[in-house]
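Below is one structure, written out as structure tokens, with a few remarks after it.
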Amino acid sequence: MHASNKDIMARLQMDILPLQGFRPPASDRAASMGLGPVEAAFPTGHFPTGAVHEWMSDTAEQSAATQGFLSALLGKLLLQGGACIWIGTARTLFPSALAAFGVAAERLIFIDLRREKDILWAMEEALQCEGLAAVVGECRDIDLTASRRLQLAVEHSRVTGLLLRHQPRHKNAVASVARWKVSPLPSVIEDGLPGVGFPRWEVQLLKVRNGRPGKWQVEWSAGQFHILAPVMPASLHEPQRKTG
């Protein structure tokens, strides 16, 4: 019996995905970041490693939230071994604080440069080092050609590239598997306890090749991501009052 057009299209789609940066995980352990429905939005059903991800932020608060969420992701990536290189012009990250996200400070190597042109060059070179788990590059603007060089580098090394773009002048298309945006959410304080609650973020998947963009509320606690149930408007919970 001949295969249906739907089956043929499905097989062709699976053949195309590796060319777009989506590859099967190296192991079952690496297949999940514990993000549930967020990972399900990708065509392969898991967070793509060995690919370039783009992270956008417009405000200082979004930039800080992005670094927090990214730190939690790095903790998961570093479980497989290796180290992470973080490249930027103005280091705003406090390494010791990363322990809360499962990242040991000695597993990070910081490179501080003055020009974004040098950041892109250093990021491309670092992404070719197979012994690394991830490379983070803080670069406000990048053109399509430069981003393609980053994508070519990870295709051979399988290192995950994380490109942070704070207040970019142009929100142009780049060669990445996904474009993200993270915003802070108020934490919830437990009854009777002082201080602040666990970190919470609104995580948006703005663009994803052959996937489903979406928005989720995520909390980090007990070393894991937790997807928060959407809060229904109060008007839907309260019984309607009769008038007249």
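The values are calculated or read from the model by the stated rules, or taken from the named source; none is laboratory data. What you are looking at is a predicted structure, and each value in this text was computed from that prediction instead of being measured. In this analysis, Cβ positions are derived from the backbone assuming ideal geometry, glycine residues included, and neighbour counts consider all displayed protein chains.
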### Query
among the charged types (D, E, K, R), within 24 Å of G68 (Cβ to Cβ), modelled with pLDDT of 95 or more and under 19 Å from the mean Cα position of the chain (by Cα), is that true of R148?
no
### Task
Examine region 104-115 for a residue that is surrounded by 21 or more Cβ atoms within 10 Å (Cβ to Cβ) and either part of a loop (DSSP other than H, G, I, E, B) or touching a residue at least 12 places away in the same chain (Cβ under 8 Å) (or both), and state whether such a residue exists.
no
### Task
Can you confirm whether region 147-161 contains a residue that is in a strand (DSSP E or B), touching a helix residue (DSSP H, G or I) at 6+ places or on another chain (Cβ under 7 Å) and surrounded by 13 or more Cβ atoms within 10 Å (Cβ to Cβ)?
yes
### Message
Of everything in region 199-244, what is aliphatic (A, V, I, L, M) and either modelled with pLDDT of 95 or more or surrounded by 11 or more Cβ atoms within 10 Å (Cβ to Cβ) (or both)? Give them in sequence order.
### Response
V203, L205, L206, V208, V218, I227, L228
### Message
Please go through (1) assigned to a helix (DSSP H, G or I); (2) buried (at least 21 other Cβ atoms within 10 Å of the Cβ) for G137 and return the number of the only condition it doesn't satisfy.
### Response
(1)
### Query
Does T66 qualify as being part of a loop (DSSP other than H, G, I, E, B) and either hydroxyl-bearing (S, T, Y) or at pLDDT 95 or above (or both)?
no
#### Entry: Some residue of region 184-194 being under 26 Å from S221 (Cα atoms), surrounded by 19 or more Cβ atoms within 10 Å (Cβ to Cβ) and touching a residue at least 60 places away in the same chain (Cβ under 8 Å)
no
#### Entry: Complete set of residues in region 125-160 that are under 15 Å from A173 (Cβ atoms) and of a type in the set (G, A, S)
A146, S147
### Summary
Residue hits (region 116-133; surrounded by 13 or more Cβ atoms within 10 Å (Cβ to Cβ) and either among the hydrophobic types (A, V, I, L, M, F, W, C) or assigned to a loop (DSSP other than H, G, I, E, B) (or both)) are I119, L120, W121, A122, M123, A126, L127, Q128, C129, L132, A133
